[in-house]
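Beneath this line is the structure, given in structure tokens, with notes to follow.
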Amino acid sequence: MKHALSAYNPVGDKFTLFLPDNEAFDEFFKESSAYSNIEELIADFEFANILVRYHVVSRSIVTNDFPLGALPDSC
């Protein structure tokens with residue numbers, strides 16, 4: 001996934017990856033006909049790459065950056 005992440009942050013540092021929590025992944029695996037656990041999902045490089053691509057921001061973001069539950073428009 002390093003290549004997918006570096007494509008969105010050419011500097012190679014200070015990026016944030018937003019992924020669903022364990023509960024959301026568990027629900028996904030229950031409903032998925034393709035994946036039953038995280039290892040199977042990660043083994044599918046193409047899908048994992050897409051998942052990362054749409055959940056990455058090329059800057060460092062911490063929880064305090066969005067106290068009201070939303071990121072500012074500048075992200």
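Considered as a group, the residues in the stretch 13-50 that are of a type outside the set (A, V, I, L, M), farther than 25 Å from Leu71 by Cα and not in a helix (DSSP H, G or I) include one that is farthest from the chain's Cα centre (by Cα), and that residue is Ser33.
Inspection of the stretch 51-59 identifies no residue that is out of contact with any Lys or Arg (no Cβ under 8 Å at 6 or more places or on another chain), part of a helix (DSSP H, G or I) and at pLDDT 90 or above.
Checked against (1) surrounded by fewer than 10 Cβ atoms within 10 Å (Cβ to Cβ); (2) of a type outside the set (Ser, Thr, Tyr); (3) within 22 Å of Glu23 (Cα to Cα), Asn64 meets all criteria but (3). Beta carbons closer than 7 Å, at least 6 apart along the sequence or on distinct chains, pair a first residue in the stretch 25-54 that is surrounded by 14 or more Cβ atoms within 10 Å (Cβ to Cβ) with a second that is among the hydroxyl-bearing types (Ser, Thr, Tyr) for Phe29/Tyr35; Phe29/Ser36; Leu41/Tyr35.
The values are calculated or read from the model by the stated rules, or taken from the named source; none is laboratory data. Everything numeric here is computed off the predicted structure, so don't read it as measured data. Cβ coordinates were reconstructed from backbone atoms using ideal geometry, including for glycine residues, and neighbour counts include every protein chain displayed.
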